[in-house]
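Below you'll find the structure, written out as structure tokens, and then a few comments.
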Amino acid sequence: MDIELREVLDTPLVLWRPGPGWRMLSSSPVGGGLGTREWVLNAQVPASYARTDLDTHVGELSAACGLRGRGVGMLTAASVRHHTRAEESGVGAVATVGLSVPTWAADHRRTVPAPRPGPGTVNVVAVLPVPLEDAALVNAVMTATEAKTQALLEAGFACTGTASDAVCLAVPQPGATARREPFCGPRSLWGARLARVVHTSVLRGALSWLERHPDRTTAASVRAGTAPAGSAQAPA
């Protein structure tokens, strides 16, 4: 992955622009879903970010970067300058990790919807060098998410992530006769590689975040294992 660290319109961002010929599946509110995309940008915004015209904002940033075609736009309150990467056998992942508000996916103590979460704080972009069937792409998102959570637990956080994490998976568009891989679970060839690079990049990012925030009470509390009753605790 040829990753660029840019700053446009007073906004630091991480940019990957592979150009035409890629299918992406993303949970991002801008350019998300499944389709052909030509670039992914992950822009750092303040924790107080409250814009709701996300398409317009990402459009301004992409124009300032000189990007063309459709792409995926992610936003994060985490430091993009501290992005972390991993690669193996043509599979790559880049993560931006911020853990000020670690969260369990299932919180049985909360019975009403929480306020709209802020900008994503664990964003992962992963690339595989082989075409995948649609079902395998969904499987790849599951694999990447499981690997992310494994990394956070191993870093000492009793959480599954944050409430606004985002993921983007990119694979080449298949040619007329190209074979699409049917599986991408953690014990398939490509899924195992994907799991390892996502795990490594997120673990590096989480440990880097802890080094830069040694006195954060949220980090200290989750390292102590303050999880909801009946939930799995972080490893000792």
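Hey, could you check segment 8-31 for residues that are out of contact with any Leu (no Cβ under 8 Å at 6 or more places or on another chain) and free of Cβ contacts under 8 Å to residues at least 60 places away in the same chain and say which is most open to solvent (accessible area, probe 1.4 Å)?
Taking the candidates together, the pick is Asp10.
Looking only at segment 26-64, which residues are under 18 Å from Glu7 (Cβ atoms) and in contact with a Lys or Arg (Cβ under 6 Å, 6 or more places away or on another chain)? I'd like the intermediate steps shown before the answer.
Here is the first cut: in segment 26-64, the ones under 18 Å from Glu7 (Cβ atoms) are 39-46, 49, 57-64.
Trp39, His57, listed by residue number.
Taking into account only those residues within segment 152-192 that are under 19 Å from Leu210 (Cα atoms) and out of contact with any strand residue (DSSP E or B) (no Cβ under 8 Å at 6 or more places or on another chain), which is most open to solvent (accessible area, probe 1.4 Å)?
Glu154
Exactly one of (1) open to solvent by 20 Å² or more (accessible area, probe 1.4 Å); (2) assigned to a strand (DSSP E or B) is unmet by His108. Its number?
Evaluating His108 over (1) open to solvent by 20 Å² or more (accessible area, probe 1.4 Å); (2) assigned to a strand (DSSP E or B) leaves (2) as the failure.
So, in segment 88-105, how many residues would count as being outside any loop (DSSP other than H, G, I, E, B) and at pLDDT 95 or above?
If we filter segment 88-105 for residues that are outside any loop (DSSP other than H, G, I, E, B), which is where we start, we get 88, 91-97, 103.
Going one step further and asking which of them are at pLDDT 95 or above, we end up with 88, 91-97.
Of the residues in segment 88-105, 8 are outside any loop (DSSP other than H, G, I, E, B) and at pLDDT 95 or above.
Tally time: how many residues in segment 111-151 are at pLDDT below 95, of a type outside the set (Ser, Thr, Tyr) and surrounded by fewer than 12 Cβ atoms within 10 Å (Cβ to Cβ)? Spell out how you get there, then give the answer.
Step one: list which residues in segment 111-151 are at pLDDT below 95, which gives 111-121.
Those still in the list that are of a type outside the set (Ser, Thr, Tyr) too: 112-120.
Cutting the leftovers down to surrounded by fewer than 12 Cβ atoms within 10 Å (Cβ to Cβ) gives us 112-116.
Of the residues in that region, 5 qualify.
So which residues in segment 54-65 are hydrophobic (A, V, I, L, M, F, W, C), assigned to a helix (DSSP H, G or I) and in contact (Cβ under 8 Å) with a residue 40 or more places away in the chain?
Within segment 54-65, the subset hydrophobic (A, V, I, L, M, F, W, C) is 54, 58, 61, 63-65.
Remaining after also requiring assigned to a helix (DSSP H, G or I): 54, 58, 61, 63-64.
Within segment 54-65, Leu61, Ala64 qualify.
Just to verify a result, which residue in segment 55-95, among those that are of a type in the set (Ser, Thr, Tyr) and closer than 21 Å to Gly205 by Cβ, is farthest from the chain's Cα centre (by Cα)?
Filtering segment 55-95 for residues of a type in the set (Ser, Thr, Tyr) gives 56, 62, 76, 79, 84, 89.
With the extra rule that they be closer than 21 Å to Gly205 by Cβ, the set shrinks to 76, 79, 84.
Details: Thr76: 10, Ser79: 13, Thr84: 11 Å.
Result: Ser79.
State whether one or more residues within segment 65-72 are open to solvent by 40 Å² or more (accessible area, probe 1.4 Å) and not basic (Lys, Arg).
Going through segment 65-72, the residues open to solvent by 40 Å² or more (accessible area, probe 1.4 Å) turn out to be 66, 68-70.
The next check asks that each one be not basic (Lys, Arg); those that pass are 66, 69.
Yes, segment 65-72 has at least one match.
Pairs under 9 Å by beta carbon, first residue outside any strand (DSSP E or B) in segment 66-83, partner among the acidic types (Asp, Glu), six or more apart or different chains?
Leu67/Glu38; Arg68/Glu38; Gly69/Glu38; Arg70/Glu38; Gly71/Glu38
The values are calculated or read from the model by the stated rules, or taken from the named source; none is laboratory data. Only a predicted model underlies this, so the values are computations on that prediction, with no experimental measurement involved. As a convention, Cβ positions derive from the backbone with ideal geometry for all residues, glycine included, and neighbour counts pool all protein chains shown. Just the protein is used for accessible areas: all its heavy atoms, side chains included, with ligands, DNA and RNA removed. Shrake-Rupley method; radii C 1.70, N 1.55, O 1.52, S 1.80 Å.
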